[in-house]
Amino acid sequence: MTTTLLYNIGQLLTMDQHEGPVRGEHMSKLEVKEDYAILMKEGKIAEIAPTNELLNTEADEKVDCEGKLVTPGLVEPHTHLVFGGSREHEMALKQQGVPYLEILKQGGGILSTVRATRKATEEELYDKAMFHLNRMASYGITTVEAKSGYGMDKETELKQLRVAKKAGEDHSLDLVSTFLGAHAITEDYKDNPEALLDEMASMFDQIKEENLAEFVDIFTETGVFTIEQSRRYLQKAKDHGFDVKIHADEIDPLGGTQLAVELGATTGDHLAVATDEGIDQLAKSDTIGVLLPGTIFYLGKGEFARARDMIEAGAAIAISTDFNPGSSVTENIQLIMSLAALKMKMTPEEIWHAVTVNAAHAINRGSEAGQIKVGRKADVVIWDAPNYLYIPYHYGVNHVNTVFKAGQKLYQRGDLLV
C-alpha cells in the first residue's frame, strides 16, 4: 500500500456533514473546503487539512491537484449490470412512439434480454459485466449496485447473481447485489404470475446460503406485478432476512411509493408518477427515493420524477443511471447529473448529495462510501473542473481526471489501471 498526498485542491467536497441520508432542504447546503489536502494511507483517508499544513508530510506520491475539484467516489445505486445481448433494434420502435409495455407484449423489451441472458455462458456474462464496470469506473463511480432479473428462471437468475459476485470479488469497484427475479412475466407464466413469484421466492434460502444478494426487488407495474402480489412477495423476502427495494410508480401510479414506505423498503426506485400522497408518505419515512431521469429521457416520456416536490416535502433523494440494455443504455452518471438539473430542476448541491452520501445509504453503504472522512476507505475523484457547479453544467462528456479506489490509482484520463 502506497501513501499518497493530494494537495492544492481547489474545492473539496467531503460530504461528511451528516451521519445519515440528507433530507429535504439540507440537500441544498454544501460545505466546500478550499485549498485543502488529503493524505491517503493504507487504503484509507488518514488526514484532511489545509494544504499548508500537510504539504511537507512524507508520502510515496504527491499529487498536485492544480486547483481542481475533488470529491468522494460516486455511488451508483441502481443498475442492471449483468445481461446478455443488446436491444439497439428497439430504438426504431421507440422513435415510432410504440409504448414500452407494447414492445414487451411483442416479446421485446425485457423478454428479449431474457432470451439472450439465458443463452449466454457465465464467462460471457462476466466479461461483459467487467467491461461495463471498467467504463463506470472511468466516470468516477467507485461503488455499484447490480441487479439480476434477466433470467426469471432458477438457473439463469443464479447464473447472473454468481457472475455479479465474482465480478465484485475480481474488480476494484465495490459491488452490492440485488435479486430481481420478479422483473417481468415470461411466456411460461403469463396466465399464472403467482407461480413465477413462488418459483423466485423458492430461491431465497439458496441465495442467502451462497451470499449472492443483499436485497430483493420487484417490478410493480401495470402488466407486470400488482401491489398485492408485490406486498406478499417482498414480505416473504423480508422474512428471509433480505432488505427490499421496489421498482415503483414508473409508468402508472399504482401506489408503489406508498408500498415501499409501508414495507420499510430501503428504496423506492423510479417514482416518475408518484402521487401527492406517495410523496408525502415518502418524505415522512426512512425510504430513499432513487430517481432515474435517464430512463424517462431515453424512452421519450414527458414526465420526469417530481424531485422538487419530493425534496421540498422533506424526502431523501438519490439519482442513478438505471444502466440497462432497454430503457437507459448509459454508464455515464455525469450525464444523469445534468438531466437531474435540466429536467428535474435539482440544484447542483442537491445533485452532489444524490450521487454520494444518499446513493450510498440507498444500498446500505452509508458507513463506507459517499464521503471523504478520516478512517473511511479512500475512494476519491479528482475532476478536470474548477468547481462543483461545472459538472452538471457541461453535459455529455467525461470530466474525470483521476480516480482513486481504496487509495490506489484506478483510472487516469483514459487509462484503466486495475
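The values are calculated or read from the model by the stated rules, or taken from the named source; none is laboratory data. A quick note: this is a predicted structure, and the numbers were derived from the prediction, not measured. Cβ coordinates were reconstructed from backbone atoms using ideal geometry, including for glycine residues, and neighbour counts include every protein chain displayed. For the accessible areas, the whole protein counts, side chains as well, though only heavy atoms, and no ligand, DNA or RNA atoms are used. Shrake-Rupley method; radii C 1.70, N 1.55, O 1.52, S 1.80 Å.
Of all lysines in the structure, the ones whose alpha carbon falls short of 17 Å from that of Lys94, not counting any fewer than 8 places away in one chain, are Lys105, Lys301.
Pairwise Cα distances in segment 107-203 exceed 21 Å for 35 percent of all pairs. Scoring 259-267, 75-83 by mean Cβ neighbours within 10 Å over their residues and listing the highest first yields 75-83, 259-267. Taking amide H as placed 1.01 Å from N in the peptide plane, the amide H of Lys147 sits under 5 Å from that of Thr79, His80, Leu81, Val82, Thr178, each at least 5 places away or on another chain. In this structure, the residue pairs whose Cα-Cα separation is over 20 Å, taken from Lys208/Lys373; Lys41/Lys409; Lys29/Lys409; Lys128/Lys238; Lys44/Lys147; Lys159/Lys208, are Lys208/Lys373; Lys29/Lys409; Lys128/Lys238; Lys44/Lys147.
Normalising by residue count, segment 260-310 has a Cα convex hull of 68 Å³ per residue.
What percentage of all Cα-Cα pairs in segment 29-88 are separated by more than 16 Å?
Working: 1082 of 1770 pairs.
Value for segment 29-88 (Cα pairs over 16 Å): 61 percent.
The chain gives an Rg/Rh value of 0.97, both radii derived from C-alpha positions and Rh following Kirkwood.
Applying D = kT/(6 pi eta Rh) to segment 17-122, where Rh is the Kirkwood radius over alpha-carbon pairs, T corresponds to 25 °C and eta to 0.890 mPa s, the Stokes-Einstein value obtained is 126 µm²/s.
Along segment 381-392 the Karplus relation, 6.51 cos²θ - 1.76 cosθ + 1.60 evaluated at θ = phi - 60°, assigns HN-Hα couplings of 10, 9, 10, 7, 8, x, 7, 6, 5, 6, 5, x Hz to successive residues, with x for each Gly and Pro.
What is the distance in Å between the Cα centroid of segment 82-127 and that of segment 284-313? What the calculation gives is 24 Å, centre to centre. Projecting the Cα atoms of Leu133, Leu282, Thr267 onto the charge dipole of the chain (Cβ charges, centred on the Cα centre) puts Leu133 farthest toward the positive pole. Take 40-51, 362-373, 387-398 and order them by the average number of nearby Cβ atoms within 10 Å per residue, most first; the result is 362-373, 40-51, 387-398.
Evaluate Rg over Rh across segment 142-264, taking Cα atoms for both radii and Kirkwood's formula for Rh. Spell out each step's value before the answer.
Numbers: Rg = 14.0 Å, Rh = 14.6 Å.
The Rg/Rh ratio comes out at 0.96.
Across the options Ala307, Thr321, Leu339, the greatest Cα extent toward the positive end of the charge dipole of segment 222-371 (unit charges at beta carbon of Lys, Arg, Asp, Glu) belongs to Thr321. Taking amide H as placed 1.01 Å from N in the peptide plane, Tyr411 has its amide H under 5 Å from the amide H of Val403, Leu417, each at least 5 places away in sequence or on another chain. Of the accessible area of the chain, computed with a 1.4 Å probe over protein heavy atoms only, carbon and sulfur atoms account for 47 percent.
If each DSSP helix of 4+ residues adds -39,500 (n - 2.57) and the sum is divided by the residues in the chain, what number results at 222 nm, nearest 500 deg cm²/dmol?
Values: 17 runs with 145 residues, N = 418.
Taken over the chain, the calculation gives -9500 deg cm²/dmol.
Computed from backbone phi, the HN-Hα couplings of segment 2-19 come to 8, 9, 10, 10, 9, 9, 6, 6, x, 10, 10, 9, 8, 6, 10, 7, 10, 7 Hz, rounded to whole numbers (Karplus: 6.51 cos²θ - 1.76 cosθ + 1.60, θ = phi - 60°; Gly and Pro given as x). Peptide packing for 155-168, 182-195 was compared via the average number of neighbouring C-beta atoms within 10 Å per residue; ordered from the highest value, the list is 155-168, 182-195. What is the Cα convex hull volume of segment 217-346 when expressed per residue in Å³? About 100 Å³ per residue, rounded to a whole number. For segment 166-272, the solvent-accessible area with a 1.4 angstrom probe is 36 square angstrom per residue. Looking at segment 1-126, the accessible area is 48 square angstrom per residue; that uses a 1.4 Å probe and ignores ligands, DNA and RNA.
Think of a 1.4 Å ball rolled over the protein heavy atoms: segment 276-334 then has 32 Å² of accessible area per residue. I need the shape label for segment 263-402. Rule: rounded when a/c is under 1.5, else prolate if a/b > b/c, else oblate, with a, b, c from the alpha carbon gyration tensor. Oblate, because a/c is 1.5 or more while a/b does not exceed b/c. The H on the amide N of Val216, modeled in the peptide plane, is under 5 Å from the matching H of Phe179, Asp243, Val244, Lys245, each at least 5 residues off or on a different chain.
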